[in-house]
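Enquirer: To start, I am sharing the structure in question, which I have written as structure tokens.
The values are calculated or read from the model by the stated rules, or taken from the named source; none is laboratory data. Keep in mind that this is a model prediction, so the values were computed, not measured. We place every Cβ from the backbone using ideal geometry, glycine too, and count neighbours over all the protein chains shown. Side chains are part of the model used for accessible areas, which takes the heavy atoms of the whole protein and leaves out ligands, DNA and RNA. Shrake-Rupley method; radii C 1.70, N 1.55, O 1.52, S 1.80 Å.
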Amino acid sequence: MTDPAAPAEEAATVATSAAGTSTTMEVLAANPLRDPRDKRLPRVAGPCVMVLFGVTGDLAKRKLLPAIYDLGNRGLLPPGFSLVGFARRDWKDQDFAQLTHDAVKAHARTPFREEVWKQLREGIHFVPGEFNDDGAFDALAMALNEIDETRGTGGNYAFYLSVPPKFFPVVVEQLKRTGLSDAPEGSWRRVVIEKPFGHDLRSAHELNEITTSAFPESSIFRIDHYLGKETVQNIMALRFANNLYEPIWNRSFVDHVQITMAEDIGIGGRAGYYDGIGAARDVIQNHLLQLLALVAMEDPTSFDASALRREKEKVLKAVRLPADLGLNTARGQYLAGWQGGEKVVGYLQEDGISSASTTETYAAIKLEIANRRWAGVPFYLRTGKRLGRRVTEVAVVFQRAPHLPFSADDTEILGHNALVIRVQPDEGITVRFGSKVPGTAMEVRDVSMDFAYGESFLESSPEAYERLLLDVMIGDPPLFPHQREVELSWKILDPIEEFWATQGQPEGYESGSWGPESADAMMARDGRVWRRL
Amino acid sequence: MTTFMLSDTTAGRISAQFMHLRHQMGAPAIGMVLTLVVVCEERHQYDALRAATEAAREHPSRIIVVIKREDDEPIRLDAELRIGESTPGEVVVLRLYGELVDHADSVVSPLLLPDTPVVVWWPGAAPEVPSKDSIGALAQRRITDAKGLDEGGIQSLVTRAKGYARGDTDLSWARLTPWRSLLAAAFDQPVGQVREGVVESSKGHPSAPLLASWLSERLGAPIEVADSAGPGLTSVRLSLDGGELSICRTDARLATLSRPGQPDRNVALARRHTSELLAEELRRLDSDEVYEAAVKHFARTYKG
């Protein structure tokens, strides 16, 4: 296994990505109708085909197909854009079009407009077949060739692998065999993969070997849909476009940081995927560590992909695990109980879960970042299923004022100042600070000041997948994690998983509660408490 | 929604009433990002206000509608306050009578939200030099609409160009964005030198000469304007060395893009509502230099 941060590979990647952007730049410079001052013209992708593997999956129906329609409705799809579905179904084009139509009607964010649908419908094709069927992929290659002829898509293909990772090797091998992964001069081929990017460092590395055997790193787009969310991108605006927060964004003022992703649902129909994976691999490795990187990184020299990824990698490399994993991590498994007024079963009683499963559905870990800015500031990460409420947030909790010129009674219920970035739902930012309670006595109590995306930029915020799909077609990679980030995240998580594997059954917690007692005890040892969400 | 009428009032009483209504509803004025002043005639009021409230769903605003009524009546200010469900922000419709008609800024200015941008929109007739107008001078962004005039829409663009100041724009320019976006996308693949071209639209449509000017300036080729049956813009045809690149739209919804050596393709290109145009204008509040270049190029070449 090679070191994911090997300098030679890095140099090569930077060179290829630079080459990639320069061709785009040249095209823009050559276009007399484009002008950087012309801010009304949207970023529109060039002519291309999106090939979707796994069209019958939940993700395709709920997110991908509606997002493609929404892009069309916003005028962001290029003329001639074509969508090719590939699946093990005995279908014709119109069957796939019907599926797309239904998915759009049910889940699109923008209103249904006949002319947009007509434009999209003309480019919809379907190729039936199994992944190990050479004939089916030959048919796919021929279909794509024909689409280039009839729709003018110029040999630009994006392959979206919305399939379980076990199928990656065979699909990638087929793309390689049919030559679909090789871009002829003047065109591009890109591959989009979804999490999970492996289940530990080793498997992530193997998975990457498979994809890089056919596609260069600069053509691989790893989707972490959290990074497409407006609030997550706003973390960077909040930190680096303002002068108000950066001076206090360090160990001199910050007491600790809590990053939470709580879900109120159980595992639903995902038993096959979830059992054996668990909350930490499912959520902490990707979403929460990416959030941590964005909150804790230094300012990048620019917002292009290489500068941004470099800063994220630096901070991920600086992450240190606590010496005693037993005292500074917690894991749990939900028990039967009441969640939001409904009686629900425990994890071990879910369909398809063995009654002896040791998979955790709740995970909390404490991390430290060994650099000048953050030394000594703990970052607490927690995620869980069947918790009280669905909420994802990053809370930066500040130290208490060094001196309070009030009597102890007056500030008895005054907490820490906090800045909370609410990622979902109800996206926005909350600042918590002390304020005088009206009246003749001097009593100070916590109040919240709110910024809600819903109020200030009501309908403009696009769905995360829209943004990410557009970025794939434009070839703009800053919002996609690099393989090095993926491997660094596994390096953080692997020792914890290994430790947990020796600990037997996770502690049970009642559905609808806020997690196991050991998680609260872990905070209490540090003299802190979890935010009540 | 709460509506509140104030007759023979002042700006101070309107402000106080707003605060009172907000406290009553328990909703403070948070999250409003700008003040939109709409200066129009009574007959335009309903449509303009409707478009503005819809645009405010994307850009929560305080909307101030200024209607100048008869100037030979005794001085009076009537106000209609709306706050609540259909509007994320606040709306006040001001009706000015008598001598006050010439001093509308004295009413508007105290009602602007503090420390946030101000945008003025004239859905119909607008002052010759918007930035020198007493209300226009309060704003960062001044939006006129050449198409909103009963006649002389194209001629008014020449006036706009002469009186241009940074921050001026016209909705007939915003109407072109989907067309310009599609044309720019078509030029992302090299097409070679354009020799000449023609923009066709319904007669007297102010967007057509603007589009022709923009194309002519960017492409360095003569672009004519011709009349068609409409509705709105119907086609752009550019002759190239190897054939013709064209975008045609006859049903106001779906366009056909044709270029030499490639199959024709259908592209959705629907005409947009005023509210969408306004929302686009409010998205960026810095001055639009590309519009400036296009409208000035038009004024230089106009031979009306």
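Enquirer: Of the DSSP beta bridges with both residues in the protein assembly as shown, give the percent that are antiparallel, rounding to the nearest 5.
Expert: 55
Enquirer: Moving to a separate point now. Which residue, B:Ser258, B:Ser287, B:Ser181, tops the fluctuation ranking in a GNM of chain B built on C-alpha contacts under 10 Å?
Expert: With Cα springs under 10 Å in chain B, the top fluctuation among B:Ser258, B:Ser287, B:Ser181 is at B:Ser181.
Enquirer: Kindly provide the helix-only [θ] at 222 nm of chain A, computed as the sum of -39,500 (n - 2.57) over DSSP H runs of four or more divided by all residues, to the nearest 500 deg cm²/dmol?
Expert: -10500 deg cm²/dmol
Enquirer: Also: Excluding ligands, DNA and RNA, what is the solvent-accessible area per residue of chain B at a probe of 1.4 Å, expressed in Å²?
Expert: Numbers: 12770 Å² over 304 residues.
The answer is 42 Å² per residue.
Enquirer: To the nearest 20 Debye, how big is the dipole of segment A:411-533 about its Cα centre, given +1 on the beta carbon of each Lys and Arg and -1 on that of each Asp and Glu?
Expert: 540
Enquirer: Checking an interface number: how much accessible area is buried between A and B, summed over both chains, with a 1.4 Å probe, in Å² rounded to 100? The partial results should precede the final answer.
Expert: Numbers: alone 24210 and 14450 Å², together 35200 Å².
The contact between B and A buries close to 3500 Å².
Enquirer: Also, quick follow-up: If a/c stays under 1.5 just call it rounded; otherwise compare a/b with b/c (prolate if a/b is bigger, oblate if not). Do that for segment A:112-172, with a ≥ b ≥ c from the square roots of the Cα gyration tensor eigenvalues.
Expert: prolate
Enquirer: Between segment A:331-393 and segment B:50-82, how many Å separate their Cα centres?
Expert: 52
Enquirer: Then there's this: Taking the Cα centre of chain A as the origin and placing charges on Cβ (Lys, Arg +1; Asp, Glu -1), which of A:Leu201, A:Leu348, A:Ile223 is farthest toward the positive end of the dipole?
Expert: A:Ile223
Enquirer: Using amide H atoms built 1.01 Å from N in the peptide plane, name the residues 5+ places from A:Gln424, or on other chains, whose amide H lies under 5 Å from its own.
Expert: Amide H to amide H, under 5 Å and 5 or more residues apart or across chains, A:Gln424 pairs with A:Thr392.
Enquirer: Another one. With a sphere of radius 10 Å drawn around the Cβ of B:Leu21, what net charge do the other residues whose Cβ falls strictly inside it have (Lys, Arg +1; Asp, Glu -1)?
Expert: On the way: positive: B:Arg22, B:Arg82; negative: B:Glu90.
Overall, the nearby charge balance is +1.
Enquirer: So how strong a dipole does segment B:2-170 carry about its Cα centre when Lys and Arg Cβ are +1 and Asp and Glu Cβ are -1, to the nearest 20 debye? Could you put the intermediate results ahead of the total?
Expert: Numbers: 18 positive and 25 negative charges, 121 e Å.
The calculation lands at about 580 debye.
Enquirer: Please turn the phi angles of segment A:197-206 into ³J(HN,Hα) values with the Karplus equation 6.51 cos²θ - 1.76 cosθ + 1.60 (θ = phi - 60°), one per residue in order, whole Hz, x for glycine and proline.
Expert: Per-residue couplings from phi come out as 8, x, 10, 6, 4, 5, 5, 5, 5, 4 Hz.
Enquirer: Skip the ligands, DNA and RNA, and give the accessible area per residue of segment A:219-284 with a 1.4 Å probe, whole Å².
Expert: Per-residue accessible area for segment A:219-284 comes out at 33 Å².
Enquirer: Say we join alpha carbon atoms closer than 10 Å with springs in a Gaussian network model of chain B; which of B:Asp105, B:Asp188, B:Asp170 then has the biggest fluctuation?
Expert: B:Asp188
Enquirer: Quick one: compute the contact order of segment A:274-326, relative version, from alpha carbon pairs under 8 angstrom and 6+ residues apart, as a percent.
Expert: Details: 23 pairs, mean separation 14.7, N = 53.
After rounding, I find 28 percent.
Enquirer: Mind checking which of B:Val267, B:Ser235, B:Trp214 is farthest towards the positive end of segment B:177-268's charge dipole, using Cβ charges of +1 (Lys, Arg) and -1 (Asp, Glu) about the Cα centre?
Expert: Checking the options against the dipole of segment B:177-268, the answer is B:Val267.
Enquirer: What does the charge add up to near A:Tyr160, with Lys and Arg as +1, Asp and Glu as -1, over the other residues with Cβ less than 10 Å from its Cβ? Walk me through the intermediate numbers first.
Expert: On the way: positive: A:Arg190; negative: A:Glu194.
Net local charge, A:Tyr160 excluded: 0.
Enquirer: Follow-up question, since we're still on this one. Need one word for the protein assembly as shown: rounded, prolate or oblate. Basis is the Cα gyration tensor (sqrt eigenvalues a ≥ b ≥ c); a/c below 1.5 gives rounded, then a/b vs b/c decides.
Expert: The shape class here is oblate.
Enquirer: List, in order, the whole-Hz ³J(HN,Hα) value for each residue of segment A:41-54 obtained from phi through the Karplus relation with A = 6.51, B = -1.76, C = 1.60 and θ = phi - 60°; use x for Gly and Pro.
Expert: 5, x, 6, 10, 6, x, x, 6, 10, 9, 9, 10, 9, x
Enquirer: Using alpha-carbon pairs under 8 Å, 6+ residues apart, how would you state the relative contact order of chain B in percent?
Expert: 15
Enquirer: A further question follows. Got a sec? Which residues in segment A:303-321 would a label at A:Arg372 touch, if it sits 7 Å along Cα→Cβ and we count backbone N under 17 Å?
Expert: Zone members listed by number: A:311, A:314-315, A:318.
Enquirer: Oh, and also: In the protein assembly as shown, carbon and sulfur make up what percent of the accessible area (probe 1.4 Å)?
Expert: Solvent-exposed carbon and sulfur of the protein assembly as shown make up 51 percent of the total.
Enquirer: If you don't mind, there's one more thing I want to ask. Just how large is the dipole of chain B about the Cα centre, in debye to the nearest 20, putting +1 at every Lys and Arg Cβ and -1 at every Asp and Glu Cβ?
Expert: Here the size comes out at about 700 debye.
Enquirer: Could I ask something else about it? Select from B:Ala174, B:Gly204, B:Ala125 the residue farthest towards the positive end of the dipole of chain B; place +1 on Cβ of Lys and Arg, -1 on Cβ of Asp and Glu, and compute about the Cα centre.
Expert: B:Ala174
Enquirer: Also: Given springs between every Cα pair under 10 Å in a Gaussian network model of chain B, which of B:Ile154, B:Ile75, B:Ile223 has the largest fluctuation?
Expert: B:Ile75
Enquirer: So, R0 is 51 Å and r is the distance between the beta-carbons of A:Asp426 and B:Glu244; what FRET efficiency does that work out to, to 0.05?
Expert: Details: r = 52 Å, r/R0 = 1.02.
For R0 = 51 Å, the calculated efficiency reads 0.45.
Enquirer: Name the shape class, rounded, prolate or oblate, that the alpha-carbon gyration tensor gives for segment B:83-241, where a ≥ b ≥ c are the square roots of its eigenvalues, rounded holds for a/c under 1.5, and otherwise prolate holds if a/b is larger than b/c and oblate otherwise.
Expert: Judged from the Cα gyration tensor, segment B:83-241 comes out prolate (a/c at least 1.5, a/b above b/c).
Enquirer: Given H placed 1.01 Å from N in the peptide plane, which residues other than close sequence neighbours of B:Arg141 have an amide H under 5 Å from its amide H?
Expert: Those lying under 5 Å, H to H, from B:Arg141 are B:Val118, B:Val120.
Enquirer: Working from Cα positions, state the angle (0 to 90°, nearest 10) between the long axis of helix B:45-58 and the longest principal axis of chain B.
Expert: 80
Enquirer: Just to be sure I understand the model, the point goes 7 Å from the Cα along the line to the Cβ. What's the resulting B:Arg283 to B:Ser134 distance in nm?
Expert: For the pair B:Arg283/B:Ser134, the computed spacing is 3.6 nm.
Enquirer: Still on this structure, please answer the following. If the label point is 7 Å along Cα→Cβ of A:Gln349, which residues in segment A:364-401 have backbone nitrogen under 16 Å from it?
Expert: In segment A:364-401, the label zone of A:Gln349 (backbone N under 16 Å from the point 7 Å along Cα→Cβ) covers A:386.
Enquirer: Something else about it: Determine the sum of side-chain charges near B:Ala161: Lys and Arg each +1, Asp and Glu each -1, restricted to other residues whose C-beta is under 9 angstrom from that of B:Ala161.
Expert: Numbers: positive: B:Arg160, B:Lys162, B:Lys296, B:Arg300; negative: B:Glu292.
Charge balance in the 9 Å sphere: +3.
Enquirer: Using Cα pairs under 8 angstrom and six or more residues apart, how large is the relative contact order of chain A, in percent?
Expert: Numbers: 913 pairs, mean separation 86.6, N = 533.
The normalised contact order for chain A reaches 16 percent.
Enquirer: What FRET efficiency do you get for B:His20 and B:Asp105 if R0 is 25 Å and r is their Cβ-Cβ distance, rounded to the nearest 0.05?
Expert: 0.50
Enquirer: If each of A:Ile277 and A:Leu327 carries a label point 7 Å out from its Cα toward its Cβ, how far apart are those two points in nm?
Expert: Simple spin-label model gives 3.4 nm for this pair.
Enquirer: R0 = 60 Å: FRET efficiency of B:Glu151 with A:Thr212, Cβ-based, nearest 0.05?
Expert: The computed FRET efficiency comes out at 0.35.
Enquirer: Under 19 Å from the Cα of A:Lys312, which lysines turn up, not counting those fewer than eight places away in the same chain?
Expert: A:Lys195, A:Lys229, A:Lys366, A:Lys491
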